[in-house]
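A short worksheet on the structure shown next.
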């Protein structure tokens, strides 16, 4: 009897170790080499995950936007990451990263919340679970969002937001991908330039807001 219990305990420990190794492997995100994103807001080196591609939108109104797309979906749905930049006035006080993110996202309930370092500064990562529509109240559903946000000071200060949108609650693997991409962003080094980003996208006319806060569009995260 004791031998059976010891054997069962040993199997349980081995299984837990094996599952832990699988979970750790799923959270490990491998990145490609850096590519320089030249824009009028903040010249960045961006490193996409392996087997993801980067495309950039033409800059407009002191903002810039890039899209990272998973070329082959691993779990049935293709994941997308958007990077938004917005220039700030150097003559005005810089906003707090978390307060600014709350201003952009409104009063949506949050899931995962953590402080992270981005571009050498204190940033914030938040997960926003999906909101189920209430037909009786005439409300619209909102898709799940996880985003990282930082305010970068300097002679040309900027807001940087890295965001993933999905129809369902994100897994720890999805959050790890976004966190890794956000923390890999760096200001370009003119002494060691990376290959420039050249793939461009044309933004559909109907989704252009008249005055967009960084990464915020009324059509971005709502379900019709």
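The values are calculated or read from the model by the stated rules, or taken from the named source; none is laboratory data. All of these numbers come straight from a predicted model, not from anything done at the bench. Note that each Cβ is placed from the backbone with ideal geometry, even for glycine, and that neighbours are counted across all protein chains shown.
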Residues (in a strand (DSSP E or B) and at pLDDT below 90) located in region 166-199: 166, 196
Hits in region 70-107 (condition: modelled with pLDDT of 85 or more, closer than 18 Å to residue 143 by Cα and not in a helix (DSSP H, G or I)): 79, 80, 81, 82, 83
Near pairs, Cβ below 9 angstrom, 6+ apart or cross-chain, from region 166-184 (in contact (Cβ under 8 Å) with a residue 12 or more places away in the chain and on the phi > 0 side of the Ramachandran plot) to any residue that is surrounded by fewer than 18 Cβ atoms within 10 Å (Cβ to Cβ) and assigned to a strand (DSSP E or B): none
Output for region 61-91, where each listed residue is over 15 Å from the mean Cα position of the chain (by Cα) and surrounded by fewer than 19 Cβ atoms within 10 Å (Cβ to Cβ): 61, 62, 71, 72, 73, 74, 75, 76, 77, 89, 90, 91
Complete set of residues in region 137-161 that are within 13 Å of the chain's Cα centre (by Cα) and within 12 Å of residue 97 (Cβ to Cβ): 147, 148, 149, 150, 160, 161
Filtered residues of region 115-127 (kept if in contact (Cβ under 8 Å) with a residue 40 or more places away in the chain and either surrounded by 12 or more Cβ atoms within 10 Å (Cβ to Cβ) or assigned to a loop (DSSP other than H, G, I, E, B) (or both)): 116, 118, 119, 123, 125, 127
